[in-house]
Amino acid sequence: MWQYTYLLINFFTVIVCFLFSFHPKIKFNKHFKAFFMASALVAVFFIAWDAWFTEIGVWWFNDKYLLGLRFFGLPIEEILFFICIPFSCVFTYFCIDKFFDLNWKPTPERILVIVMMIFFLIVGLIYHDRIYTFVTMLTTVATLFVMHFILKVRWIGKATVIYLILSPGFLGVNGILTGTGLESPIVNYNLSNFIGIRMWTIPVEDAVYGLELILWNLFFFKKFKKLDEQN
């Protein structure tokens, strides 16, 4: 039964959100096409990143908790991760945005973006010799810069708040993946590639990585959703 562990983590991450997608007051199912187009597009980049880091030994996977199917050197469960986690996060964003007004005024949002960019840039430069830390921090700085200053995205503040609301779920899922409650971790890390600060068993870089993943999923989801509504 242990070989189903990672698969079940993905399943239980997504199943409740999937079922509630059909609720008549939510109707997220009408936007499945937009979501899957967005998540597939974003997943290409993150799967390539994941495969590269796996190849060079930044992290590796414990076969005890896996079905054994691999693509591009990654377990099938890891590939599904880039669909299941974004689905739950985008669904939650969609629901909260539908029923609550969490919009930010332009000036506070710009301050938030600039502060995050400066902080992540400083951390990335200080730990430039830790490849996961360096790459994660620098790509997140690039994401924030491109989204806010070039693409003129005006929902980063709202998305960040919702990401924080989702953090207990994030800690739960990533906690199990990194060994919480298990005899050994599903995902193992080469500690020389990380700062070494952990939230329980989770490297702190994963929280930044997760924010970047969700921001791009939301960006393309909104784009494809708008195109669907225009047709």
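The values are calculated or read from the model by the stated rules, or taken from the named source; none is laboratory data. Just so it is clear, the structure is predicted and the values come from calculations on it, not from any experiment. All Cβ positions, glycine included, derive from the backbone under ideal geometry; neighbour counts span all protein chains shown. To get the accessible areas, we keep the full protein, side chains included, count just its heavy atoms, and leave off ligands, DNA and RNA. Shrake-Rupley method; radii C 1.70, N 1.55, O 1.52, S 1.80 Å.
Worth pointing out:
- Estimated at 0.36 nm per residue, the fully extended path between F45 and L102 surpasses their Cα-Cα distance by 17.6 nm.
- Converting phi to 3J(HN,Hα) with the Karplus coefficients 6.51, -1.76 and 1.60 and the offset θ = phi - 60°, the range 186-202 yields 6, 10, 10, 10, 7, 5, 6, 9, 10, 4, x, 7, 10, 9, 6, 9, 9 Hz in sequence order, with x at every glycine or proline.
- Applying a length cut-off of 27 Å (Cα extent along the axis) and a mean Kyte-Doolittle floor of 1.0 to the DSSP H helices of the chain leaves 32-55, 76-99, 106-126.
- Alpha carbon Rg of the chain, scaled by the compact-globule rule 2.2 N^0.38 Å: 1.01
- Longest exposed-site-free window of the chain, the sites being chymotrypsin sites (Phe, Trp or Tyr not before Pro) in a DSSP loop that have at most 16 other C-beta atoms within 10 Å: 101-199
- Computed accessible area, D63, all protein chains, 1.4 angstrom probe, square angstrom: 100 Å²
- Solvent-accessible heavy-atom area per residue, rounded to whole Å², over the chain at 1.4 Å: 51 Å²
- As computed over the range 104-231, the Cα convex hull volume per residue (Å³): 124 Å³
- Within the range 64-176, all pairs of alpha-carbon atoms sorted by distance into 5 Å bins from zero give the percentages 2, 10, 14, 16, 20, 18, 11, 6, 3, 1.
- All other residues whose Cβ lies under 11 angstrom from that of A43 are scored, Lys and Arg at +1 and Asp and Glu at -1, for a net of -2.
- Its Cα centre serving as origin, the range 121-231 has a Cβ charge dipole (Lys and Arg +1, Asp and Glu -1) of approximately 520 debye.
- Accessible surface of the range 119-231, 1.4 Å probe, proportion on carbon and sulfur as whole %: 69 percent
- Centre separation in Å (Cα based) which lies between the range 79-143 and the range 167-231: 11 Å
- Point-charge dipole on Cβ atoms (K/R +1, D/E -1) for the range 69-148, about Cα centre, debye to 20: 120 debye
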